[in-house]
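The next block holds one structure in the form of structure tokens; read it before the comments.
The values are calculated or read from the model by the stated rules, or taken from the named source; none is laboratory data. Computed from a predicted model, the values in this text were never measured in an experiment. Please note: Cβ atoms are built from the backbone with ideal geometry, for glycine as well, and neighbour counts cover all protein chains shown.
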Amino acid sequence: MIDPSAFTPPYDHHLCTGLSQVGHDVTLFTTNFEYIGWENKIPYDKLEFFYENTNKMYPERDQNWHRQLIKGSEHILDMFRLSRKIKKLNPDVVHFQWLPLPILDGIIVKKIKNIAAVVHTVHDTKPYHGATPSRLQVLGSRSIRKVFDELIVHTEEAKSVLTERGVQNSKISVVPHGPLDYPNVDTETDEPVSQSDNKQTILFFGVIKEYKGVDVLLRAFAKLTPELQCQTKLKIAGSSSLEINELQELASDLGIEQYIDWDIRYIPDEEVPKLFESAEIVVFPYRNADQSGALMTTLPYGKPIIASNVGGFAEVLSDGTHGRLVEPESSESLSMALEEILSDEYKQVQMGNAVLDLYENTYSWKKIAKQTANVYEDAIDSTKLL
């Protein structure tokens, strides 16, 4: 399993664990990552293989241009090292989660393809949802998909997009994105969640990017009645790839700054459970999405979800059952959904229970692992035909 930059460590962990639990020997090649919370009990091998020198030189993971230049150079060397390591290990399958430099990575994938079947999970049909800071990170991203024996996507819509772009339909498998169960999610916290101010909390969680529509959420909150605003807090939690000052200025212009709790940083794993437990509603006002790790993080907490009717949201959630699906880019539609659920405690309980049922009975990492292993079998079979 390959995730060079640790773009999705919770997903990597859950999938590798699931594959191990159904009888496969798994090794995850990744980089050192500060916020992993499952280190003590992992049934797979984890190698911090990538960017050792970059991480030593820049332990704070700042994103300045010279760190990116050094990291890119080390990536090239590490990918060639990877091909040599794979040759020694002689695995049945090499599964790439992410390809940070596809124009180069394609060369290495072709080398590895001579050793083992190669599979790639296309998490975003539009790389990084157009939010990548470098053209190099998307150059060759479409053509490299044709190199793999099999591709995995998380939704039927994503499969349709790839098919329309010329990828062979029979090479694409839909395997759901499972729930992300953070450490201690089922254990009692040392301190009870405080509700002393009696305000309901709307939570936006995840890296703040343009396509995630935080600006739409701010405008929707501003449309709530003054009485409801006074009874509600909007919590925006996550690191940001945008100029957060612009969003804060928008909130000020809308007259709602006093109702917003800005927590702009990477949220450590151990803080995630309390964050969700303290919320009444979780909101995803995305402009577009294939699937969302933040959405799958929400499921174990049994909270009503309001999400844009796009991509994977519509394939996971049922409007009126698990929350509300609203028109993307529509602050009016989002505001109406917020008011509906904030004003009805019974509906909050019913929708929250339905979300919890999704987590407990619909999505299982063992099921997902078995589906993934079936894709591996198809990939291995396809290599035998060559």
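The table for this structure:
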| item | result |
| --- | --- |
| Residue count for region 221-269, restricted to those that are free of Cβ contacts under 8 Å to residues at least 12 places away in the same chain and among the small types (Gly, Ala, Ser) | 1 |
| Residue within region 200-223 that is over 25 Å from VAL316 (Cβ atoms) and at pLDDT below 95 present | no |
| Region 164-199, residues that are modelled with pLDDT of 80 or more and either under 21 Å from ALA294 (Cα atoms) or of a type in the set (Lys, Arg) (or both) | ARG165, LYS171, VAL174, VAL175, PRO176, HIS177, GLY178, PRO179, LEU180, ASP181, TYR182, LYS199 |
| Region 295-306 residues that are on the phi > 0 side of the Ramachandran plot and in the same structural domain as LEU275 (by TED's automatic domain parsing), paired with ones that are of a type outside the set (A, V, I, L, M, F, W, C) and not in a loop (DSSP other than H, G, I, E, B) (beta carbon under 9 Å, 6 or more apart) | GLY302/GLY352; GLY302/ASN353; GLY302/ASP357; GLY302/TYR359 |
| Unmet criterion (only one of (1) surrounded by 16 or more Cβ atoms within 10 Å (Cβ to Cβ); (2) at pLDDT below 95) for ILE260 | (2) |
| Identity of the residue in region 249-295, of a type in the set (Lys, Arg) and touching a strand residue (DSSP E or B) at 6+ places or on another chain (Cβ under 9 Å), that ends up nearest to GLU227 (Cα to Cα) | ARG287 |
| Residue check for ALA369: of a type in the set (Gly, Ala, Ser), within 30 Å of PHE148 (Cα to Cα), touching a Leu at 6+ places or on another chain (Cβ under 9 Å) and assigned by TED's automatic domain parsing to the domain that holds HIS24 | yes |
| Of all residues in region 207-226 being of a type outside the set (Ser, Thr, Tyr), in a loop (DSSP other than H, G, I, E, B) and over 20 Å from the mean Cα position of the chain (by Cα), the one that is surrounded by the most Cβ atoms within 10 Å (Cβ to Cβ) | LEU224 |
| Tally, over region 331-372, of residues that are out of contact with any strand residue (DSSP E or B) (no Cβ under 9 Å at 6 or more places or on another chain) and over 30 Å from PHE221 (Cα atoms) | 11 |
| Matching residues in region 227-276 - criterion: being part of a helix (DSSP H, G or I) and of a type in the set (Ser, Thr, Tyr) | SER252, TYR259 |
| Residues of region 269-319 satisfying the condition of being out of contact with any His (no Cβ under 7 Å at 6 or more places or on another chain), closer than 18 Å to ILE368 by Cβ and acidic (Asp, Glu) | GLU315 |
